[in-house]
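Everything on this sheet refers to the single structure shown next.
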Amino acid sequence: MAIGTAGRAGRLMQQGHRPQGRSLGRRIWAARWCYLFALPNLILAAGFTFYPTIMSWYFSFLDWSGFTSDRQWVGLANFREIIHDTYFWHAYLRSLEFMAVAVPIQVILAFIMALILNDASYKFGPLFRTLFFLPVVTSAAIVGIVMTFVFSPFNGPINQALLQARLANSPVDFLGNPNTALWTIAGVWVWKWFGITMIYWLAALQVVPQEIYEAAEVDGAGRWRLHRDITAPMVFPFAVVIVLITIVGSLNVFGLVQTMTGGGPFFASEVMEVYIYRNAFGEGGIPRLGYASAAALFFGITVLALSLLQGYGLKKANDARAQLRAG
Amino acid sequence: MTSAHRFSRRTVLRAAGGLGAAAAFGARLNATSAQDSTSGITIPQPSTTLPTDDVTFRWIDSGDLKSFFYKALFAKYHEAHGNITIKYDPLPWDEINRIVPLGVQNGNAHDVFAMPPDVPAATAVAEGWVAALDDIMPNFTEWKARFPIGSFTDGVTDFGGKTYTFPVTSDKRSSTVLFYNPAILQKVGVDPSAKPLTWTEFREAAQKITKQGKGQEFGLLLGGGKASSQFPAIIGNLSRMIHPAGGSSGAATYMIDWKTGDYIFTSDAVIGAIELLLAMKSDGSIVPGAASLGSADARARFPQGHAGMIFSGPWDIVNYQTNSPDFKFALASQPVPDSGTPAPLTFEQTGSNLNWVYAKSKYHAITADLFSYIGSVDGQVAIMAATKGNLQSLFPEAAKQAQETVQMDPLAKTALDLFNSQIRLGPMMSVRVPDYSAVQFGIKKLNPDFGDVIQGLFSGQLKDPKKAMQDLQDRSNKNLDDAIKAAQAKGAKVTRDDWIYPNWDPTKDYGEADYKALT
């Protein structure tokens with residue numbers, strides 16, 4: 001009986017129907033089971049997402065170390081200081097640079113690989129899908145630590161290979177050189193998260209009916225034209241979402257950066273998250289949780305803007321998909 | 001404190017004299033003896049009424065040498081009291097910096113913890129983080145009286161007339177002892193045990209090792225990357241032997257010439273030490289990857305045998321012996337200046353390996369019982385036994401007993417001789433200025449700090465050492481002045497002049513009489 005009520009309410013909501021003339025309380029009561037089942041998630045989200053987020057906004061107006069009762073309200077002083085902190089802006093821009101370089105590489109490579117693996121005639125598809133996905137489920141910190149050995153200029157396998165292939169005359173200190181540190185991390189990041197982006201693309205490719213390809217092949221279309229004129233237009237709405245998800249992911253690289261370089265050498269790979277962490281917890285003075293919260297809020301607005309863009313993109317993608325279905 | 005004596009090249013040589021023998025003898029030590037460390041521990045009858053239900057007691061500190069003792073002690077304690085399990089978390093300092101404040105904030109901190117480096121002890125006391133030992137230890141007065149005079153200091157262990165912690169061991173030690181690989185150094189005819197290497201000899205030795213190593217062996221292994229860079233300690237201690245300056249405990253006192261109260265970042269000594277390191281990098285004498293290796297990573301790699309030398313502290317003696325029993329190494333003085341008499345390093349008697357009791361812990365009785373044993377002659381002998389003398393007791397009786405009954409590690413003895421000849425007790429702001437913690441707590445993180453700046457110079461992102469150090473000096477001064485002003489505004493009685501100790505003699509321990517002479 002109850003489940004039947006919930007089912008009806010769910011169907012009504014899905015269909016976009018709103019019971020006319022009923023008060024909000026009655027409508028909530030009618031859908032009480034839906035709300036009840038959503039409650040645990042809501043409580044957890046309130047405790048572990050909403051509360052810390054809101055508190056960090058409050059902290060951003062304090063001069064506070066984070067662990068004493070001595071909190072001083074300083075208004076916008078933290079924000080003013082941030083605006084004049086060149087290390088903040090360097091970290092901010094570095095995060096955006098990281099995104100601008102890593103995201104296109106990851107999205108394009110993953111798309112190409114998804115096209116290859118989407119071919120049903122390719123027998124090893126499942127094996128490669130698994131292989132590419134393995135780094136995704138490995139801890140970022142573990143990957144970071146292992147990569148410090150892989151890229152070590154002394155006896156690291158990458159350098160050994162470069163030297164043996166005579167591509168380098170002397171070992172390259174990938175993580176110790178300010179010109180290469182960030183981009184080495186970007187490379188590892190692409191490798192680590194490549195699998196998830198590829199899976200997104202594979203899911204998107206499922207919407208392209210096989211019959212269309214077959215019909216086009218009968219009409220003499222080559223592989224390039226198949227993808228240019230059929231695949232690309234049909235998966236484009238998904239591309240928007242995939243790109244935006246990847247962009248937000250590229251701004252969350254703390255684990256890799258902290259374990260591989262700690263933001264060094266001399267801040268050369270310090271992205272925003274590491275900057276925030278360094279001010280909130282790092283060594284060398286009293287922690288500044290208030291200041292770090294202000295920096296986090298500043299940066300959070302950027303991520304929020306991108307997330308809103310993602311929501312907009314998602315809506316557009318759904319509209320486009322609905323049109324495709326209707327057509 | 002031991003009576004001070006003149007620190008000269010002769011004393012350095014004398015201290016270094018035993019190193020050759022130590023190197024040979026050190027190789028005989030192996031992991032087995034470290035694993036026997038439980039044998040010296042006998043858990044006495046409880047000094048207080050212990051819980052009878054099943055209890056998990058939590059203890060966090062920085063591990064290293066003392067972990068050999070604590071692991072053994074906690075295992076024995078569990079044997080004696082089956083219902084009490086002690087969960088020991090030996091973690092790096094940056095983790096302690098993060099975990100302990102969060103634990104206190106959440107009300108679930110470890111029952112006993114090491115104080116995070118960024119938290120002034122006075123603040124922890126004022127905030128009610130920690131319990132006074134007066135209130136939890138049975139027979140507190142009798143227990144406290146066991147410690148030698150000078151073990152408890154206002155502003156360090158005691159606050160507001162109560163005692164909150166106690167020094168487990170002596171902290172007269174350095175993190176820049178020259179550890180070397182005798183097999184590699186012999187190939188190039190260098191023996192730092194015969195006499196300390198001068199800066200020039202050190203550089204030349206590293207060049208020779210690198211040249212003969214043909215890409216497989218390098219002169220110096222260095223951890224200059226990440227947050228835990230060795231740069232501040234190395235540059236700091238190399239330069240302190242030319243231009244005496246304060247120890248490294250506490251950001252405000254860092255690298256300050258106590259005679260003038262000024263930072264020494266722009267001194268010829270510091271610039272010279274930086275240039276030495278840059279020259280060695282330019283020579284190719286430093287193991288590749290130094291800029292991306294953390295201190296712990298570098299130290300862990302030394303036994304692989306790809307470097308002739310590394311700077312480290314006595315904690316790595318047992319570490320190498322235990323984790324790399326086949327690795328043969330020896331110790332010597334850090335490189336000394338090319339000319340003149342090397343000045344001593346200074347240390348602050350902040351009490352080595354201090355443990356603090358979480359005020360809200362439900363198991364103060366267990367803490368009291370453990371502290372009672374650790375602060376006894378038997379407990380102190382057991383510490384020296386577990387670490388084969390690498391940790392030195394403050395109790396003269398325990399030290400004497402350990403030397404007679406415990407197999408002392410010759411390398412530990414070498415390190416001890418080195419520290420006795422090269423390190424003196426320096427002035428301590430927390431002793432002189434009761435309100436010092438108000439200043440210390442107001443000192444903001446320098447961005448970039450000393451370690452960052454040297455890292456920038458080393459990686460080539462900063463080009464001019466003098467300009468970079470002048471900038472650091474200016475920012476350090478402003479940071480300290482601002483912190484003093486903020487403390488004054490809150491009513492603290494302190495001025496910048498308090499940083500000047502006109503009667504400081506770097507060659508002598510700075511004692512109680514010296515503080516009295518200031519007033």
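Rule-based calculations on the coordinates, nothing more; no lab input. This structure is a prediction, so every number in the text was calculated from the model and none was measured. As a convention, Cβ positions derive from the backbone with ideal geometry for all residues, glycine included, and neighbour counts pool all protein chains shown.
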Problem set entry | Pairwise centroid distance, computed over Cα atoms, of region A:210-229 with region B:372-401, Å | 83 Å
Problem set entry | Within straight-line cross-link reach of B:K162, aspartates and glutamates at Cα separation under 14 Å, skipping those fewer than 8 residues along the same chain | B:D134, B:D135, B:D154
For this session: Pull up the cross-link candidates among the lysines for B:K516, meaning alpha carbon to alpha carbon under 17 Å and not fewer than 8 places away within one chain.
Result: B:K259, B:K508
Problem set entry | Violating pairs (Cα-Cα greater than 31 angstrom) within the set B:K211/B:K413; B:K388/B:K445; B:K71/B:K172; B:K76/B:K360; B:K362/B:K445 | B:K211/B:K413; B:K388/B:K445; B:K362/B:K445
For this session: Give me the net charge of B:V125's neighbourhood, meaning all other residues with Cβ under 10 Å from the Cβ of B:V125; Lys, Arg count +1, Asp, Glu -1.
Result: -1
Problem set entry | Top positive-direction residue, dipole computed over chain B with Cβ charges, set B:L276, B:N479, B:F302 | B:L276
Exercise. Which distance in nm do the two modelled labels at A:I105 and A:L309 give, with both placed 7 Å along the Cα-to-Cβ direction?
Worked result: 2.0 nm
For this session: Using the Cα centre as the reference, give the magnitude of the dipole from point charges on the C-beta atoms of the protein assembly as shown (Lys, Arg: +1; Asp, Glu: -1; all else neutral), rounded to the nearest 20 debye.
Result: 1860 debye
Problem set entry | Gyration tensor verdict on chain B (Cα atoms; rounded if a/c is under 1.5, prolate if a/b is larger than b/c, oblate otherwise) | oblate
For this session: Using the number of other C-beta atoms within 10 angstrom as an exposure proxy, rank B:I383, A:I28 with the fewest first.
Result: A:I28, B:I383
Seminar exercise, completed: With +1 on the Cβ of every Lys and Arg and -1 on the Cβ of every Asp and Glu, the dipole magnitude of region B:50-144 about its Cα centre, in debye rounded to the nearest 20, is 200 debye
Problem set entry | Residue order, fewest to most beta carbons within 10 Å, for A:L163, B:L411 | A:L163, B:L411
For this session: Would you list, by chain and number, the aspartates and glutamates whose Cα falls below 12 Å from the Cα of B:K208, excluding same-chain residues fewer than 8 positions away?
Result: B:E217, B:D283
Seminar exercise, completed: Once both label points are put 7 Å beyond Cα along the C-beta direction, the B:E79-B:T48 separation in nm becomes 2.5 nm
Seminar exercise, completed: Fewest-first ordering of B:F458, A:F124 by Cβ atoms within 10 Å yields A:F124, B:F458
For this session: Pop out the Kirkwood hydrodynamic radius of the protein assembly as shown from its pairwise C-alpha distances, inverse of mean 1/r, in Å to one decimal.
Result: 30.3 Å
Exercise. Once amide H atoms are built 1.01 Å from N in the peptide plane, which residues 5 or more positions from B:I86, or in another chain, come under 5 Å H to H?
Worked result: B:F57
Problem set entry | Expected 222 nm ellipticity per residue - DSSP helices of 4 or more, -39500 (n - 2.57), all of chain B, to 500 | -12500 deg cm²/dmol
Exercise. Using modelled amide H (1.01 Å from N, peptide plane; none on Pro or chain starts), what sits under 5 Å from the amide H of B:V130, excluding residues fewer than 5 places away?
Worked result: B:A359
Exercise. Counting Lys +1, Arg +1, Asp -1, Glu -1, what net charge surrounds B:I84 among other residues with beta carbon under 14 Å of its beta carbon?
Worked result: -1
For this session: Output ³J(HN,Hα) for region A:244-255: one whole-Hz value per residue in order, computed from phi by the Karplus curve 6.51 cos²θ - 1.76 cosθ + 1.60 with θ = phi - 60°, and x for Gly and Pro.
Result: 5, 4, 5, 4, 4, x, 5, 8, 10, 10, 4, x
For this session: Evaluate the relative contact order of chain B (contact order divided by residue number), counting alpha-carbon pairs under 8 angstrom at least 6 apart; express in whole percent.
Result: 26 percent
Problem set entry | Overall form of region A:77-326 per C-alpha gyration tensor (a/c, 1.5; a/b vs b/c) | oblate
Exercise. If contacts are Cα pairs under 8 angstrom and at least 6 residues apart, what is the relative contact order of region A:77-326 in percent?
Worked result: 27 percent
For this session: Using amide H atoms built 1.01 Å from N in the peptide plane, name the residues 5+ places from A:L62, or on other chains, whose amide H lies under 5 Å from its own.
Result: A:V74
Problem set entry | Cα centroid separation - region A:178-201 against region B:188-214, whole Å | 43 Å
For this session: May I ask which residue of B:I374, B:V433, B:N319 lies farthest towards the positive end of the charge dipole of region B:297-447, with charges of +1 (Lys, Arg) and -1 (Asp, Glu) on Cβ and the Cα centre as origin?
Result: B:V433
Seminar exercise, completed: Between B:Q470 and A:A168, the FRET efficiency computed from the C-beta separation at R0 = 41 Å comes out, to the nearest 0.05, as 0.65
Exercise. In a shell of Cβ-Cβ distance under 14 Å around A:Y35, excluding A:Y35 itself, what net charge do Lys and Arg (+1) and Asp and Glu (-1) give?
Worked result: +3
Seminar exercise, completed: In nm, the gap between the two label points placed 7 Å beyond Cα toward Cβ at B:K87 and A:T138 is 2.9 nm
Problem set entry | Estimated dipole of region A:77-326 in Debye, rounded to 20 [Cβ of Lys and Arg +1, of Asp and Glu -1, Cα centre] | 140 debye
